[in-house]
Amino acid sequence: MKALHLIAALALVTVVLLIGWAEPALAAKQPPPAWRFWWDWAWKIANFLVLAFLIYKLAKKPLKEFLAGARANVAAELEEVNKAKAEAEAHLKLIQEKTAGMAQELASYEEALGQLAERDRQRMIDEAREASEMIMDRAKLQAEMALQSARRELTHEIVELAAKLAEAKLKEAVSPQDQDRFLDKFANGALTARGEAL
């Protein structure tokens, strides 16, 4: 049915155009009468009205369907855009909540890290203090031991020197018999003193 309407409309338009095209060729041969001007205008208006009616009749439904489809497409796209916008806003809100929590978490980490660093610094200071005290104690002990060793050596040298001096003086002042007697007595006393010093 639509095809028949379309064929009829095209045939009518073709006839009207052929008449309109052929008419000026005929008019060039003879001068047109005065009423002809108004007659041409009437046909032009009639042609326009027929054409408008045919366009309206044939294009009304497809145009209406096209506009309805376009409206539906626009509505669907608008709905998708609104849905995407809502999802993006929800995602943005979620990200903002996470970043707000991260900022707070970062501040707590910084505080905990600062406390840990302070504890480590204090521990290092305490360990260094203990190590320095231990080094000082060792140094004092070594100094005391070196002093005692030096005293022992000095005492030993003094005893030996005193023994040599006493021996020399005794050799001069004492006769060989006295010398033997004193030497024995002195040697016994020196050995006793030496045993006590060690």
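FYI, it's all coordinate maths here, none of it is from the lab. Just so it is clear, the model here is predicted, and its values are computed rather than measured. We place every Cβ from the backbone using ideal geometry, glycine too, and count neighbours over all the protein chains shown.
Things worth noting here:
- ³J(HN,Hα), Karplus 6.51/-1.76/1.60, whole Hz, each residue of region 8-15, x for Gly, Pro: 5, 5, 5, 5, 5, 5, 5, 5
- Net charge of Cβ neighbours under 14 Å - reference residue 67; Lys, Arg +1; Asp, Glu -1: +3
- Three-way shape label, region 40-121, alpha-carbon gyration tensor, a/c 1.5: prolate
- Kirkwood analysis of region 89-142, using all unique Cα-Cα pairs, places the hydrodynamic radius at 14.7 Å.
- For region 181-194, Karplus couplings with θ = phi - 60° (6.51, -1.76, 1.60), whole Hz, Gly/Pro x: 5, 5, 4, 5, 5, 5, 4, 5, x, 5, 5, 5, 5, 5
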